[in-house]
Every structure is written in C-alpha cells, then in structure tokens.
Amino acid sequence: MTKREIDSISGQETTGHEWDGIKELNHPLPSWWLYTFYASILVAVIYWVLMPAIPWFNGHSNGILGYSQRASLDHVMEAATAAQAQYIARIDQAPSLAAIRADADLFNFAQAGGRAVFNENCAACHGLGGSGRPGGFPTLADDDWIWGGTLDDIAQTVRHGIRNADPDSRQSVMPNFGTDSILTAPQIADVAEFVLSLSNRSTDTAAAGRGKTVFADNCAACHGDNGQGKPELGAPNLADAIWLYGDGSKLAIMAQVTKPKMGVMPAWGGRLSEAQQRMVTVYVHSLSGGQ
Ligand code: HEC
Ligand code: HEC
C-alpha cells in the first residue's frame, strides 16, 4: 500500500490512483454496512450446511438437517387423513341422520364434507349453496319441498334420484292435459286462471270460477284441494310464489298443463359412498333450516 495521501482542497484521503493529474477521493463503506454484509454471508453459509440449498447436476445438497418440504407436507396430509378417517367412520356408524345432526362436532364435519360433495356433484344443477337454476332445478335453500324436506326424505331423494332408471327412484307423472286432449284449450286457460287466483293474481274471476271446477276434477288429486301440493306424489305447491318452470305467469302455467315438463335427477346411491350421501344430506337439510 502506498502511504496515505490527503487531498489538499477537500481535506479527504485519496485512493492514491491518479489519471492525468486527477485523483480519486477515498469513500470507504460505512462499517455497519460492511459488518451486516459479512454477517449475511455467514448466515448463508450456515444455511447451506444445514438446509437443502446448492443445486447440482442431479439434484441439490441435502443439508445436515435433512429437511424436506414434501416430506413435511406428506406428514401433515397423513395426519389430516387420519383425523378425517375417524370422523368418516363415526358418520358411517351413526345410528341415524338425526344422531349426526344432534352431535355438534359430527354435524360440523358433515356440513363441511357435505358442502364439498355438493359443490362437486350437485351445484352444476342446483347452483352453489343450493340456490337453484331456472328450468326445473329447484332451490334447496328454502323451505319449499317438492318431495319433502326431512332428513329421511332428502336422503331418499339423493340415494334413488327422481324419474330415472333406479327401481326405487321417485316417480309420478303429470298427464299431458293438452297434447293428449284431456282438456280443451279454454279449459286450460280457465284452470290456469284458477291457479293464478291461488296466489291472488287472477284478474278474471269468472274464468277462475270455471277453472276451480276443472282443477277439482283434474288436478286436486295430485296438487291438493287448494293447490298446496303433495310431497308423497312430488306434486309441487301451486299456491306459493315459487315456480319450478317459468315465472308463474298464465302462459307458463298453460304451457305446463298442456305438455308438462318432468324433472329428472340421477340416483347417487351407486356414485357416492354411504358417508358422502349422509354428509350431503345433512348439508342440504341445513341450507333451509331443515324440516
Ligand atoms: C342433472 C341435474 C341434477 C344433479 C346433478 C342433481 N340434481 Fe337434485 N334435482 C334435479 C332436478 C331436476 C330435481 C327436481 C326434480 C323434480 O322436478 O321433481 C332435483 C331435486 C332434488 C331434491 C328434491 C327437492 C325438493 O324440493 O324436494 C333434492 C333434495 C336434491 N335434488 C338434491 C340433490 C343433491 C344432494 C345432489 C348431489 C348429490 C343433486 N340433487 C344433484 C337435478 C339434479
Ligand atoms: C298425476 C299427478 C298430477 C296431476 C293430476 C296434475 N299434476 Fe301438475 N304436477 C305434477 C307433478 C309431479 C309436477 C312436478 C313436475 C316436476 O317436478 O318436474 C307438477 C307440476 C305442475 C306445475 C308446475 C309448477 C311449478 O312450480 O312450475 C303446474 C303449474 C301444474 N302442475 C299444474 C297442474 C294443473 C293445473 C293440473 C290439472 C289440470 C295438474 N297440474 C295436474 C303432478 C300432477
């Protein structure tokens, strides 16, 4: 090293380098910065030694602690699966759906599991959260049930489905009153007017009066005398403002009476495990507050 040289103008030390008579002032790094830098190198070296770090042609250094994120994830997953298996076994063994509903711990698990099953298998038709879809896919989050809303009713609907090839599926077919000429066009208009009157929307009392007789003769057997519906026949309530098909307008009602649409739902008995069916049933039941 050359001996220290002080710049006469600024009074600062120079580096001793000189270009055409110009000298560079020496600004050493602040020591706090330098020591932090050395410390971080030290930490890096310790980290390389302990943890997996340095890439190599066929992998990387493993570090003397032998830590692996994948292994620790596997560990967490194993623990979670074991915890789930316990719950699934309890759900399988519960004497009834009501017993699952009554056990707060099991109910919580069933609801979370049921929501997952629902989102994967049911939401495509019934909407997220059972909000329903237009065109015959009923809302499951209200207290209006076509086939009954008790835990056991819902379990039956889920297991066997509706109007499918399962021998125990829910059946019932509304006649084609129009296309099979059971009723005339004026009778269909009258009975539609009467159905409107059930939710206080009729504007033609004379027609509704004539429709009342048509209804009593042709519809009441399934839909009930006052159109309140019969869950054992899957005949929906016509007196509420909830409609499977269309908007409940006179035209929509006439279309249904002329040539009814019949909703079909697959059976889930063969597709979902026993525990999955129980969980999704408990979940659907809880969406509406449950009957
Ligand atoms: C392919 C479409 C489709 C899928 C998928 C589907 N459903 Fe349905 N579901 C329907 C239709 C359509 C109806 C109404 C049938 C009718 O008109 O009676 C229905 C009716 C129901 C009912 C009876 C509602 C009531 O008011 O009584 C329940 C409960 C139900 N579904 C639950 C489920 C559950 C739980 C799943 C998933 C495991 C599921 N559904 C998957 C189409 C579907
Ligand atoms: C054999 C039983 C049966 C008879 C008789 C019957 N229905 Fe129905 N009706 C049903 C069923 C079952 C459904 C539900 C269809 C579905 O779930 O897809 C239904 C659905 C309806 C709907 C659609 C409801 C909605 O929410 O969109 C209307 C409207 C209706 N019926 C009116 C009538 C009228 C009016 C008559 C008499 C002229 C009649 N039904 C006779 C069984 C019947």
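Please count how many residues of the range 65-108 are free of Cβ contacts under 8 Å to residues at least 60 places away in the same chain and either charged (D, E, K, R) or assigned to a helix (DSSP H, G or I) (or both). Show your work before the answer.
Looking only at the range 65-108, we keep the residues that are free of Cβ contacts under 8 Å to residues at least 60 places away in the same chain, and these are 65-87, 89-90, 93, 95-96, 98-99, 102-106, 108.
Adding the requirement that they be either charged (D, E, K, R) or assigned to a helix (DSSP H, G or I) (or both) leaves 69-87, 89-90, 93, 98-99, 102-106, 108.
The number of residues fulfilling the criteria is 30.
Let's see how each residue does on (1) over 20 Å from the mean Cα position of the chain (by Cα); (2) charged (D, E, K, R); (3) closer than 30 Å to ALA216 by Cα:
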site: ASP105; (1), (2), (3): yes, yes, no
site: PHE118; (1), (2), (3): no, no, no
site: SER131; (1), (2), (3): no, no, no
site: ALA141; (1), (2), (3): no, no, no
site: ILE146; (1), (2), (3): yes, no, yes
site: THR157; (1), (2), (3): no, no, yes
site: HIS160; (1), (2), (3): yes, no, no
site: ASN176; (1), (2), (3): yes, no, yes
site: PRO186; (1), (2), (3): yes, no, yes
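Report yes if LYS230 is of a type outside the set (S, T, N, Q), near ligand 2 (Cβ under 9 Å from one of its atoms) and open to solvent by 20 Å² or more (accessible area, probe 1.4 Å), otherwise no. Show your work before the answer.
Values: of a type outside the set (S, T, N, Q): yes; near ligand 2 (Cβ under 9 Å from one of its atoms): yes; open to solvent by 20 Å² or more (accessible area, probe 1.4 Å): yes.
When the stated conditions are applied, LYS230 passes them.
Here are ILE46, ILE41, ILE9: which of them is more than 59 Å from the chain's Cα centre (by Cα) and either open to solvent by 60 Å² or more (accessible area, probe 1.4 Å) or over 30 Å from GLN69 (Cβ atoms) (or both)? Break it down stepwise before answering.
Values: ILE46 fails: more than 59 Å from the chain's Cα centre (by Cα); ILE41 fails: more than 59 Å from the chain's Cα centre (by Cα).
Within the list ILE46, ILE41, ILE9, the selection yields ILE9.
Report yes if some residue within the range 149-160 is part of a helix (DSSP H, G or I), without any contact (Cβ under 8 Å) to a residue 40 or more places away in the chain and away from ligand 1 (no atom under 16 Å from the Cβ); otherwise report no. Spell out the reasoning first.
First, pick out the residues of the range 149-160 that are part of a helix (DSSP H, G or I): 151-160.
Those still in the list that are without any contact (Cβ under 8 Å) to a residue 40 or more places away in the chain too: 156.
Applying the additional criterion that residues be away from ligand 1 (no atom under 16 Å from the Cβ) yields none.
Looking for residues that are part of a helix (DSSP H, G or I), without any contact (Cβ under 8 Å) to a residue 40 or more places away in the chain and away from ligand 1 (no atom under 16 Å from the Cβ), one finds none in the range 149-160, hence no.
Taking the conditions exactly as written (closer than 30 Å to VAL282 by Cβ, open to solvent by 90 Å² or more (accessible area, probe 1.4 Å) and within 43 Å of the chain's Cα centre (by Cα)), does GLN69 satisfy them or not?
Working: closer than 30 Å to VAL282 by Cβ: no; open to solvent by 90 Å² or more (accessible area, probe 1.4 Å): yes; within 43 Å of the chain's Cα centre (by Cα): yes.
So GLN69 fails the test.
Just name the residue that is surrounded by the fewest Cβ atoms within 10 Å (Cβ to Cβ) out of those in the range 253-284 that are within 7 Å of ligand 2 (Cβ to nearest atom) and outside any loop (DSSP other than H, G, I, E, B). Explain how you work it out, then say what you get.
In the first step, residues of the range 253-284 are kept if they are within 7 Å of ligand 2 (Cβ to nearest atom); the result is 253, 256-257, 260-263.
Within this subset, residues satisfying the condition of being outside any loop (DSSP other than H, G, I, E, B) are 253, 256-257.
Details: ILE253: 23, GLN256: 21, VAL257: 24.
The qualifying residue surrounded by the fewest Cβ atoms within 10 Å (Cβ to Cβ) is GLN256.
The values are calculated or read from the model by the stated rules, or taken from the named source; none is laboratory data. Note that the structure is a prediction, hence the values are computed from the model and not measured. A quick note on method: Cβ atoms are made from the backbone with ideal geometry, for glycine too, and the neighbour counts reach across all protein chains shown. With ligands, DNA and RNA removed, areas are computed over all heavy atoms of the protein, side chains included. Shrake-Rupley method; radii C 1.70, N 1.55, O 1.52, S 1.80 Å.
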